[in-house]
Amino acid sequence: MPSSGCYELVISRDVWERIMPSLVDGQNELAVGTLRRNACGERIELLVDDLQPSAPGPQGERFPPLADWGAIVRPQPGRADSVADWALRLRPRAAQLSAIVLLGADGDSGAWDGLVVQGNRTRPLAALRVVGSGMLRADRQPPQPDADLTSDALTRWSRTRGALGDAVWQRVRRSHVALFGASRTGSIAAFQFAALGVGRLLLCDPDTLEIHNLDAMQGVTEEDVGRTKVEALAERLVGCRPDLFVQGLACCATDARVVERVRCADLIVTCADSDTPRLAAAMLASRLLKVHLDVGTGVTAGESGERQIAADVRLFVPGHGCVACVGGLPDEEQARYEVLAPPGALRRARSRPWHQQRAGSLVTINAMAVSVAVQLWLDLLGGHLPSSHWSRLRWHPGRGLEIHAGTVTARPDCKVCQRVPSNGHSGQ
């Protein structure tokens with residue numbers, strides 16, 4: 001167990017909602033499952049892939065000697081055992097790391113306590129997080145709202161805060177967004193996240209800014225041509241939000257540096273014009289229990305020459321689908337090869353120039369799609385979006401906007417989002 005840092009237990013909402021009824025109605029006192037670790041600087045996330053009801057008693061012997069495992073306990077009424085008492089009762093093995101969460105601590109049905117145990121060392125669990133609708137979070141020491149804001153800052157954010165409600169805006173402030181694609185839709189998304197008050201933003205894009213990017217890439221000027229897109233965009237963002245922490249990585253989504261930075265994100269966003277970053281983001285989201293927001297737009301020419309203006313916006317929560325199983329990867333085999341190929345491997349095919357794939361791009365449909373996408377994320381934070389969601393937008397010249405939208409679910413045999421990780425520390 002590290003001598004510094006803190007531990008957070010992270011669980012998907014579908015697993016949480018599946019196991020809680022049996023604990024609340026008294027059918028079971030205990031649910032257990034394996035954990036994976038995700039190191040985020042001084043913070044370590046303990047990721048829960050699944051939980052199963054279990055009879056009270058020693059649990060360490062159920063798992064391999066070096067496995068990480070966790071337990072959520074809700075004692076029968078009238079029992080006043082502490083989380084330390086339960087740790088003794090569950091008896092983790094010496095080399096195992098176990099996280100034990102006690103619901104209803106100290107006789108308060110709304111209280112919780114948590115402990116991380118490894119050998120003879122223990123540490124209080126810093127937070128319990130549920131990834132999904134509402135993005136619930138319970139901290140051992142709740143942060144002091146607005147403690148770091150000046151009176152001018154409070155005034156600056158008053159209208160956004162009033163529109164979102166304080167609880168949702170505080171979740172926005174604490175959010176760390178990783179954005180793949182820093183060009184047309186990506187730059188619009190970056191400025192919208194900044195305007196909402198997001199605290200940290202990671203930009204990933206390997207490309208250099210060219211003259212044809214200027215018509216619809218927000219914030220940049222002719223002086224930026226020749227610079228990397230992430231560098232130019234980050235500079236403009238900080239100019240608008242000096243308090244925004246922005247990192248820029250001028251590399252592709254499969255680069256190892258990206259994986260390390262994305263570990264700490266709460267939301268992964270893809271605004272890319274190829275399948276490779278979409279699939280890479282989906283794999284990371286599944287592996288690290290992150291929310292994935294994908295935006296794709298295009299203006300194409302139909303067989304008779306008419307322009308087709310459309311966009312797809314998809315928000316995926318863990319366990320409820322991904323870009324691989326819900327749809328949207330025209331050449332999944334090629335994307336999978338590029339994601340999984342070792343460094344330096346030859347590309348199987350060269351990507352076609354943009355004008356061979358579509359007629360062009362419009363800032364109007366890009367802005368519309370991004371606004372729908374970011375609003376879906378806000379709905380998720382507010383608890384209004386129960387599951388993964390897909391919105392398909394199509395603009396008919398002279399007639400206006402057509403929208404088809406609804407919830408989506410995972411394909412049971414999906415190798416990306418329905419993969420069951422092995423025991424141990426595979427998340428590290």
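The values are calculated or read from the model by the stated rules, or taken from the named source; none is laboratory data. Fair warning: this is a prediction, and the values are worked out from it, not measured in the lab. Counting neighbours? That spans all protein chains shown, and the Cβs are built from the backbone with ideal geometry, glycine included. Accessible surface areas use protein heavy atoms only, side chains included; no ligands, DNA or RNA. Shrake-Rupley method; radii C 1.70, N 1.55, O 1.52, S 1.80 Å.
Would you point out the residue of the range 297-339, among those that are of a type in the set (Asp, Glu) and over 16 Å from HIS396 (Cβ atoms), that is surrounded by the fewest Cβ atoms within 10 Å (Cβ to Cβ)? Applying the filter and picking the extreme gives GLU303. Taken over the range 304-346, the criterion of being of a type in the set (Lys, Arg) and either under 17 Å from ALA280 (Cβ atoms) or modelled with pLDDT of 90 or more (or both) is satisfied by ARG314, ARG336.
Residues in the range 313-329 that are in a loop (DSSP other than H, G, I, E, B) and farther than 14 Å from ASP275 by Cα: 5 in all.
Looking at ASP294, ASP273, just one residue is open to solvent by less than 10 Å² (accessible area, probe 1.4 Å), under 21 Å from the mean Cα position of the chain (by Cα), charged (D, E, K, R) and closer than 23 Å to GLN375 by Cα, and that residue is ASP294. Within the set of pairs 6+ apart or on separate chains, which have a first residue in the range 364-392 that is among the small types (Gly, Ala, Ser), a second that is assigned to a strand (DSSP E or B) and open to solvent by 10 Å² or more (accessible area, probe 1.4 Å), and C-beta atoms under 6 Å apart? Sorted first by the residue in the range 364-392, then by its partner, the pairs are ALA369/THR297; SER387/THR407; SER391/ALA405.
Beta carbons closer than 6 Å, at least 6 apart along the sequence or on distinct chains, pair a first residue in the range 217-239 that is at pLDDT below 95 with a second that is part of a loop (DSSP other than H, G, I, E, B) for MET217/SER183. Can you find even one residue in the range 122-136 that is open to solvent by 30 Å² or more (accessible area, probe 1.4 Å), over 30 Å from ASP275 (Cβ atoms) and in contact with a helix residue (DSSP H, G or I) (Cβ under 6 Å, 6 or more places away or on another chain)? No, because not a single residue in the range 122-136 is open to solvent by 30 Å² or more (accessible area, probe 1.4 Å), over 30 Å from ASP275 (Cβ atoms) and in contact with a helix residue (DSSP H, G or I) (Cβ under 6 Å, 6 or more places away or on another chain). The sole residue among ALA285, ALA280, ALA310 that is in contact with a Ser or Thr (Cβ under 8 Å, 6 or more places away or on another chain), among the hydrophobic types (A, V, I, L, M, F, W, C) and in a helix (DSSP H, G or I) is ALA280.
Give the range 1-29 a look and list any residue that's modelled with pLDDT under 95 and closer than 17 Å to VAL117 by Cα, or say none. Passing the criteria: MET1, PRO2, SER3, SER4, GLY5, CYS6. Scanning the range 148-188 for residues that are open to solvent by 50 Å² or more (accessible area, probe 1.4 Å), more than 25 Å from LEU202 (Cβ to Cβ) and among the small types (Gly, Ala, Ser) yields SER151, SER158, GLY162, ALA163.
Of the residues screened, LEU66 is one that is open to solvent by 50 Å² or more (accessible area, probe 1.4 Å) and either touching an Asp or Glu at 6+ places or on another chain (Cβ under 7 Å) or touching a residue at least 40 places away in the same chain (Cβ under 8 Å) (or both). For the range 107-196, the helices (runs of 4 or more DSSP H) that sit wholly inside it and include 1 or more residues that are more than 22 Å from the chain's Cα centre (by Cα) are 151-156, 158-164.
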